[in-house]
Amino acid sequence: MQVNQIASFQMAKELYASHGIDVEKALEALAQVKVSMHCWQGDDVRGFLNRDQELTGGIAVTGNYPGAARTADELRQDLEKAFSLIPGKHKVNLHAIYADTDERVELDQLAPRHFAKWVEWAKEQGLGLDFNPTCFSHQKSADGFTLSHPDPQIRQFWIDHCKASRRIGAYFGQELGQTCVTNVWVPDGYKDIPVDRMGPRRRLKESLDEIFAEQLDPALHLDAVESKVFGIGSESYVVGSHEFYMGYGLQNNKLICLDAGHFHPTETISNKLSSLALFAEGMLLHISRPVRWDSDHVVIMDDELLDIARELVRHDLLSKTHIGLDFFDASINRVAAWVIGMRSTLKALLRAMLEPTELLRQVELAGDYTTRLALMEEFKSYPFGAIWDFYCAKNGVPVREAWLPEVKAYEKEVLSARGSKLGEAKKLV
């Protein structure tokens, strides 16, 4: 660590301390946060099962940047490179299509053994794993319906797939000693206005009831359900709406997943957290960056991310909230996309931890809104960057933009040998 970094840190630490903010305590709290980094940014949501299957389910990844991972080994290599540039120990979020196996296996027949290599790797890296059933990009989801499908045989296929996914998640939790969150999202819906809105939702509820009937140890595994306002091919009606999953999650003690891009373009999830937290067993956040729609741009430290972080910190919600990233961009270096998104998320949390929350709460209760606004604005320019630089250096990762040359070198030495995709892939939204 350089002398100027230590000096800047000490000066910033003293400045924050003058407002009663314990910087060391904030850094200890940040070190406890595990963000689940999504594997599908590394290969544009192709996976390793049925790679020739056309992407469906409202999925559209644009771009043709060279270097997408083609095998599980390549993907793990890229993940390792990204984590070497990100402070802290975190988790990796897997979809079922990322099974690492030589067997030809259908989704409803997946078992823990098909992910044994991922578990072995996670143990070596000191990482946790989260999981998702893959209810898209399959011939049995071609008409846009899975767990709410009117055909009972097709519906049972997806039920069995989700059951298998939960057992895989519990296996992750048992082997790694970290609770695995298995999140259920399905693309079911209609492009145009339906006559029967209730029927598909009744079928979805019945499917979920069957999926969750098997009791799993919550210390090892937690279930989450994820909504969406619309998607490509489901513009007029989505079976798994926010109201549906909020009701289901509250009634059945499941984590409710809020995806930053799964609501109306003028709607934000930050304002939902304090309400949902009063009633929900827990929450799962998919941090993304929608631009005009659920376009899943690389996460940056924008106003909404900062507001999400503030809500989590101000209301002490980190202990009941699981944070994951969910974006995919094939127009830039994929490893860099991970690093930018993860570091931005952690920086936003640190900024929130370095606010004088108690003081702001006191002046608000006293009706002194002038002081509240003045302090909130002034703290935007406080030197949290010096604290972040110290935290990165302390964790042995590059400070500021020093990580970028490492990614560029990795691209030249490793990624460039893989070539580029043909045409455009499609991406999970």
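The values are calculated or read from the model by the stated rules, or taken from the named source; none is laboratory data. Predicted, not measured: the structure shown is a model, and the values here were computed from it. Cβ: placed from backbone, ideal geometry, glycine included. Neighbour counts: every protein chain shown.
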Selection count where residues are over 30 Å from ALA31 (Cα atoms), more than 19 Å from the chain's Cα centre (by Cα) and either buried (at least 24 other Cβ atoms within 10 Å of the Cβ) or among the acidic types (Asp, Glu) (or both), scope region 121-140: 1
Among (1) within 26 Å of GLY233 (Cβ to Cβ); (2) in contact with a strand residue (DSSP E or B) (Cβ under 8 Å, 6 or more places away or on another chain) - the single one LEU127 does not satisfy: (1)
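Those residues that are hydrophobic (A, V, I, L, M, F, W, C) and buried (at least 22 other Cβ atoms within 10 Å of the Cβ), I need them from region 351-368; list them, please. Lay out the reasoning, then the answer.
Of region 351-368, the ones hydrophobic (A, V, I, L, M, F, W, C) are 352-354, 359-360, 363, 365-366.
Scanning region 351-368 gives ALA352, MET353, LEU354.
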Condition check for VAL92: of a type in the set (Val, Ile, Thr), in a strand (DSSP E or B) and touching a residue at least 40 places away in the same chain (Cβ under 8 Å): yes
Residue, nearest to MET342 (Cα to Cα), within region 1-48, restricted to residues that are assigned to a loop (DSSP other than H, G, I, E, B), more than 23 Å from the chain's Cα centre (by Cα) and among the hydrophobic types (A, V, I, L, M, F, W, C): MET1
Answer from ARG310, ARG361, ARG372 - the residue that is among the charged types (D, E, K, R), more than 30 Å from TYR410 (Cβ to Cβ) and touching a Ser or Thr at 6+ places or on another chain (Cβ under 8 Å): ARG310
Enumerated helices (runs of 4 or more DSSP H) restricted to region 311-420, each holding at least 2 residues that are farther than 24 Å from ILE287 by Cβ, of a type in the set (D, E, K, R) and under 26 Å from the mean Cα position of the chain (by Cα): 403-413
Some residue of region 332-343 being in contact (Cβ under 8 Å) with a residue 24 or more places away in the chain, buried (at least 22 other Cβ atoms within 10 Å of the Cβ) and under 30 Å from TYR237 (Cβ atoms): no
Filter result for ILE193 (surrounded by fewer than 16 Cβ atoms within 10 Å (Cβ to Cβ) and among the hydrophobic types (A, V, I, L, M, F, W, C)): yes
Residue match in region 356-375 (condition: within 24 Å of GLY261 (Cβ to Cβ) and not hydroxyl-bearing (Ser, Thr, Tyr)): no
Out of LYS81, LYS140, LYS117, LYS123, sole residue that is part of a helix (DSSP H, G or I), modelled with pLDDT under 95 and not hydrophobic (A, V, I, L, M, F, W, C): LYS140
Residue within region 292-310 that is buried (at least 20 other Cβ atoms within 10 Å of the Cβ) and either in a strand (DSSP E or B) or in contact with a Cys (Cβ under 9 Å, 6 or more places away or on another chain) (or both) present: no
